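The block underneath contains the structure these notes are about, expressed in structure tokens.
The values are calculated or read from the model by the stated rules, or taken from the named source; none is laboratory data. What you see is a predicted model, and the numbers here were worked out from it, not measured in a lab. Cβ: placed from backbone, ideal geometry, glycine included. Neighbour counts: every protein chain shown. Quick note on the areas: whole protein, heavy atoms, side chains included, nothing else; ligands and nucleic acids left out. Shrake-Rupley method; radii C 1.70, N 1.55, O 1.52, S 1.80 Å.
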Amino acid sequence: MPWFPEFVGAVELARTQTRAAGRADPVAQYLTALTKGDTHTLETVWPGEVIVHDPRAGEVRGHRQLRRFVHQNQAWMAEHRARTEVVASTCADGRAVVELLSRVDHDGQEVVWPVAVVAESPDDRSVVFRTYCSQWPVDGRRHLRPPILGPGAARPADVVGRYQAALAAGDAEAVVSTFAPDGYYREPIGPHPDHRGAGELRSFFTTSFSAGGGIGLQPCAVTDDGVRCALEYNCVRWGCHDLPPQAGIGVYERGPDGLLAAARVYDDIEAPAGNP
């Protein structure tokens, strides 16, 4: 049967090309699987271990759990007519961070839902996905998100480092000084989630620091491509209130002047009582 070797070679070539494409953009493969409810490509690209850290489902580990999770998620997305667009992508050091805006129908109204997905491959056969977002848009509640990562050694530098220091100190003026004149901060969710320009930023951060001081973020992993710096963190303090460590991610986008053009945050952290 002389065609058999060619058939095997063609199948292996297709598999190799699929893996190459998936490794080049793992988050796209993941989102496609969630939308279509089909894990075949993910399992082809990552025949080893696939781990998902999801705010609603918790930790999903292995292909069997992955299939169940993907099918359930696809049904939920179809029911809520979810539509997703990519805001930005940040790739460095074997890690990819993709920011999304999902639009979902909730109680007859369209809700805009910011979501960030991190993909990291520990080896050629395995991949880990970490999703960060607030669940407020879909169930009206904030959920304590335990840490996914432990403290890391990497620390943001330049303007991102100055922003983090000002945030921890509760210094609203120093925070505002790290933003470009038209720079903006976007909350995970809210009736008016974007705060743009010095006046709006000063008002927002002054209110945020009214609980007795700044906000303490414990850095876990930094993905920095020179334009955007994505910081996965555990929030451990808000003002004078110590918090149980809660996972989140912030993406800080530098403008041509070296200041922050944008800061976008994805977490479900609830402010202390009496603080917005």
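Computed values, structure above
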{"read-out": "Given (1) of a type outside the set (Phe, Trp, Tyr); (2) in contact with a Ser or Thr (Cβ under 6 Å, 6 or more places away or on another chain); (3) within 14 Å of GLY161 (Cα to Cα), number of the condition ILE189 does not satisfy", "value": "(3)"}
{"read-out": "Residue identified as open to solvent by less than 40 Å² (accessible area, probe 1.4 Å) and more than 26 Å from VAL111 (Cβ to Cβ) among GLY199, GLY212, GLY255, GLY248", "value": "GLY255"}
{"read-out": "Breaking point among (1) farther than 21 Å from ALA247 by Cβ; (2) surrounded by fewer than 16 Cβ atoms within 10 Å (Cβ to Cβ), for VAL104", "value": "(2)"}
{"read-out": "Single match in GLU253, GLU270, GLU232 (criterion: within 30 Å of ASP54 (Cβ to Cβ), among the acidic types (Asp, Glu) and either part of a loop (DSSP other than H, G, I, E, B) or in contact with a helix residue (DSSP H, G or I) (Cβ under 6 Å, 6 or more places away or on another chain) (or both))", "value": "GLU270"}
{"read-out": "Residue in the range 140-163 that is out of contact with any His (no Cβ under 6 Å at 6 or more places or on another chain), more than 20 Å from PRO256 (Cα to Cα), outside any loop (DSSP other than H, G, I, E, B) and hydroxyl-bearing (Ser, Thr, Tyr) present", "value": "no"}
{"read-out": "Whichever residue in the range 258-267 is outside any strand (DSSP E or B) and open to solvent by 30 Å² or more (accessible area, probe 1.4 Å) and, among such residues, is nearest to TRP136 (Cα to Cα)", "value": "LEU259"}
{"read-out": "Among the candidates PRO137, PRO122, PRO147, residue that is of a type outside the set (Lys, Arg) and either on the phi > 0 side of the Ramachandran plot or modelled with pLDDT of 90 or more (or both)", "value": "PRO147"}
{"read-out": "Qualifying position, being of a type in the set (Asp, Glu), more than 29 Å from SER102 (Cβ to Cβ), more than 14 Å from the chain's Cα centre (by Cα) and open to solvent by 30 Å² or more (accessible area, probe 1.4 Å), among ASP182, ASP225, ASP171, ASP194", "value": "ASP171"}
{"read-out": "Scan of the range 235-250 for residues that are assigned to a strand (DSSP E or B) and farther than 20 Å from SER134 by Cβ, ordered by number", "value": "ASP242"}
{"read-out": "Residue match in the range 87-96 (condition: over 28 Å from TYR252 (Cα atoms), small (Gly, Ala, Ser) and touching a helix residue (DSSP H, G or I) at 6+ places or on another chain (Cβ under 8 Å))", "value": "no"}
{"read-out": "Lone unmet requirement of (1) part of a strand (DSSP E or B); (2) open to solvent by 20 Å² or more (accessible area, probe 1.4 Å); (3) in contact with a Ser or Thr (Cβ under 6 Å, 6 or more places away or on another chain) for ARG67", "value": "(1)"}
{"read-out": "Yes/no for LEU243 being open to solvent by 20 Å² or more (accessible area, probe 1.4 Å), at negative phi and in contact (Cβ under 8 Å) with a residue 40 or more places away in the chain", "value": "no"}
{"read-out": "When residues of the range 18-58 are limited to those that are assigned to a loop (DSSP other than H, G, I, E, B) and either crowded, with 17+ Cβ neighbours inside 10 Å or of a type in the set (Val, Ile, Thr) (or both), the one modelled with the lowest pLDDT", "value": "TRP46"}
{"read-out": "Options ALA116, ALA153: the member that is without any contact (Cβ under 8 Å) to a residue 60 or more places away in the chain and among the aliphatic types (A, V, I, L, M)", "value": "ALA153"}
{"read-out": "Evaluation of VAL104 against (1) assigned to a strand (DSSP E or B); (2) within 17 Å of the chain's Cα centre (by Cα); (3) of a type in the set (A, V, I, L, M, F, W, C) (one fails), failing number", "value": "(2)"}
